[in-house]
Each structure stands twice: as C-alpha cells, then as structure tokens.
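Take a look at the structure below.
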Amino acid sequence: MRARSMHKLHPKWLGLVLCLLMLGCDGGIFGTGDGTDPDVLLPGSTTSDTEGGLGVPGVEMPAEPSPGPDQVTPEPSTPPASPISPATGDALIEFNAGQDALISNTSLIGYANAYVVDANADALIQFINVTDTPISVFTNQSDSAIAVATTSGQQVFDTGNLPEDTTALYLDAIDDEGGRTNLVSIEPADLPKGSSTLIILRSLAPTADLIVVPSVSNNLAPQSGQIGIRIITAALIGDPETPSVFSFGFNLDGSIEPLPTMITSDALTYAMPVSNYIVLDEGQYTISDSAGRYNELTIELTPAGSLFTLILDPALPNQHLLLNE
C-alpha cells in the first residue's frame, strides 16, 4: 500500500486551521490592535513599550538628520517697520509727579525746587492764572511785580526772572487803586539759581488752589529723535475723582496711525493733575481724553531733544498751552 502524503490536507481540515489562526491574532483583521510592531524602536526610545517585547535596552534610534551644508533654513519673516518707535525712557527724565509736584489749597505754602536746568541762568518762574481774578507775582526782594497774569481770555501766562536771594513769592490781587491783597504766599521759597518753576493758580474759591511743578534736567539727546511730554489738567470739570487717561495717536500723512504699543498718560484727577513724562518720537500727535472732558487735540512735538508741558484748561487760548521747557 502506498503511504499518504503528509503535505496534502483535506479541504475541511485546511479551513479549520485558517479559523484557528485568525482567532489567535492580536486584534485580528477586525480587532483592536494598533498595528504597531512591538519590536520596532521609536526614535529616542531605548526599549519596546510593549510588555514582553523584544526591544534591545540601551540602543537608541538615530535622531532626525540635521540640515546638510547645502540646505538653507528660511529666516522668519519680519513685519514692516512702524512709522515711529516710541520708547519708555522715563528714567532719562528725572521727574516723579507724585514727589515733585505740589498741589495745595492753602494760602501759605513752602516749596523747594531741587532741579537746576541751567546753572548760568537766573532762577525763573512761569506763572499761569486760570481764575477770574487778575494776579501779580511779587518777591520779598522787590515791590515791582515780576509776573502779571490777568483774566480768562486775556494774558493768562507770564514769566519772570527772580532776583538773587529770593526767599518768598507773593501772589496778590491788585485793585483799581493799585492796592494789593495777598491771596497766596510761597514762603519759604527755595528756588536756586538756574532753576525754573511752573506755578498754576487754578482756583480761588473757597481758597487759593495751586499747582507748582519744577522744570527738570533734560537728558534726551537730539540725535535720539525723541521728545518728552507731561500733561497737567488745571480745570475742575465734572466729577473731580473720575480719572482722565490721555492717549496719543501718531499723525502720518494726514491720518492717525495707532502706535506699535498703546501710549497713554497716567490717570489724572483734580487731586493729582500732573502726569509723569512720556517719551515719544518727535512728530505730530492727536491726543484724546478717556473721560471726554477735553476736546481731541492735535499738536506738533518738535524739535527732537525737547521737553514739553501740556496744560489743559478751558480758560486757556484753544483750551491748552504747550510749553517747551
């Protein structure tokens, strides 16, 4: 009898073997297996992540290849330059509004100006009167007024050089006969040679209300192309505790361009009406008030290297006065 060949299986046995093979697969054709070979190392791994896997500990797959010498990595794109690049160089201007500005509603105050602007010049005062009463400024050294500021709509601003050894300033009302009535005395007044002091008389009711601020040394070099500006709000408009924040928009070719970063003043109230300096590139700016007390204002801030003080009050011509210190 011939022996049956071992490699030939009956068809019914062949089908049974195929079924058993399919049931034994991990995930099978329709199973939940992820199809990942457990014995293939991923880049950066040292062994198989599958329990019982055959990964080789300590063997790392090579990292992604670095660009070859002829392969150029593209540089990130740079946005176009803004028409201006405002700085935050407040440290270049030695002025702290909270410490250096004097706000007073008493008839007798003392004041010391510690800033020398020009050591070779006489001490200077700049006087602004936004009350309805004409005021003359006298010193302890002279019976002649060194500055006279009349009423709203007339000459509200004047300057005067102080005689040497001035130790007191007197803000007096002058009657029709030339008689003097003292309204405010600044005594002692320590105003050294070379200093410059800005005095704003903003109210006389119920008592005299003064703002006194020094002009300060300017360390902004003209070649930097920058200016410094501070804002003083002299008027009592609306709620005195509601703050005003002033925003600056740069005017370019007749249009207002937003600054690369929002540039605003300190929040100003009637009790604290003086801002610190803001450093900007020279040019033309439109200034707007967040509280809506003051109309939008366009001013030219040149030349570079200058310091400006912007005083806002309805009693001033065009509601503002821009001083180049």
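The values are calculated or read from the model by the stated rules, or taken from the named source; none is laboratory data. Bear in mind the structure is a predicted one, so any value in this text is a computation, not a measurement. Every residue, glycine as well, gets a Cβ built from its backbone with ideal geometry; the counts of neighbours run over all protein chains shown.
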Original post:
Just checking, which of Ser244, Ser203, Ser215, Ser265 is polar (S, T, N, Q) and touching a Phe, Trp or Tyr at 6+ places or on another chain (Cβ under 6 Å)?
Top reply: Ser265
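Output the residue which, of all residues in region 104-118 that are crowded, with 16+ Cβ neighbours inside 10 Å and outside any loop (DSSP other than H, G, I, E, B), is farthest from the chain's Cα centre (by Cα).
Keep residues of region 104-118 that are crowded, with 16+ Cβ neighbours inside 10 Å, which gives 104, 109, 111, 113, 115-117.
Add one more test, that the residue is outside any loop (DSSP other than H, G, I, E, B), and what stays is 104, 109, 111.
Working: Ser104: 27, Ile109: 32, Tyr111: 29 Å.
Out of the qualifying residues, it is Ile109.
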Original post:
List the pairs whose first member sits in region 222-234 and is farther than 10 Å from Ile93 by Cβ and in contact (Cβ under 8 Å) with a residue 60 or more places away in the chain, whose second member is part of a strand (DSSP E or B) and among the small types (Gly, Ala, Ser), and whose Cβ atoms are under 7 Å apart, counting only residues at least 6 apart or on separate chains?
Top reply: Thr233/Ser244
Original post:
Do any residues in region 137-151 that are within 20 Å of Ala315 (Cβ to Cβ) have Cβ atoms under 7 Å from those of residues that are assigned to a strand (DSSP E or B) and among the polar types (S, T, N, Q), where the two are at least six apart or on different chains, and which pairs are they?
Top reply: Ala147/Thr159; Val148/Ser136; Ala149/Asn129
**OP:** Considering each residue of region 155-171, count those that are surrounded by fewer than 18 Cβ atoms within 10 Å (Cβ to Cβ) and either within 23 Å of Thr106 (Cβ to Cβ) or of a type in the set (A, V, I, L, M) (or both), and give that number.
**Re:** 2
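Can you work out which of the residues in region 205-231 that are of a type in the set (S, T, N, Q) and touching a Ser or Thr at 6+ places or on another chain (Cβ under 8 Å) is modelled with the highest pLDDT?
Step one: list which residues in region 205-231 are of a type in the set (S, T, N, Q), which gives 207, 215, 217-219, 223-224, 226.
With touching a Ser or Thr at 6+ places or on another chain (Cβ under 8 Å) added as a condition, the list becomes 207, 215, 218.
Numbers: Thr207: 84, Ser215: 94, Asn218: 84.
That would be Ser215.
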**OP:** Could you tell me which residue of region 154-189 is nearest to Ser144 (Cα to Cα), considering only residues that are of a type in the set (S, T, N, Q) and in a loop (DSSP other than H, G, I, E, B)?
**Re:** Thr166
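Of all residues being part of a loop (DSSP other than H, G, I, E, B) and touching a residue at least 40 places away in the same chain (Cβ under 8 Å) in region 193-210, which is nearest to Asp132 (Cα to Cα)? Just the residue, please. Outline the logic, then answer.
Residues of region 193-210 that are part of a loop (DSSP other than H, G, I, E, B), as a first pass: 193-195, 204-208.
Okay, now just the ones that are also touching a residue at least 40 places away in the same chain (Cβ under 8 Å), so 193-195, 204, 207-208.
On the way: Lys193: 32, Gly194: 31, Ser195: 29, Leu204: 9, Thr207: 14, Ala208: 12 Å.
Within region 193-210, the match that is nearest to Asp132 (Cα to Cα) is Leu204.
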Original post:
Can you tell me which residues in region 222-239 are within 20 Å of the chain's Cα centre (by Cα) and in a loop (DSSP other than H, G, I, E, B)?
Top reply: Gly225
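Looking at Asn318, Asn251, can you tell me which residue is at pLDDT below 90, touching a strand residue (DSSP E or B) at 6+ places or on another chain (Cβ under 7 Å) and not charged (D, E, K, R)?
Values: Asn318 fails: touching a strand residue (DSSP E or B) at 6+ places or on another chain (Cβ under 7 Å).
None of the others qualify; the one that does is Asn251.
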Subject >> Filter result for Ala235 (at pLDDT below 90 and crowded, with 18+ Cβ neighbours inside 10 Å) >> reply: yes
Original post:
If you take the residues in region 240-254 that are of a type outside the set (Phe, Trp, Tyr) and assigned to a strand (DSSP E or B), which one is farthest from Ala119 (Cα to Cα)?
Top reply: Leu252
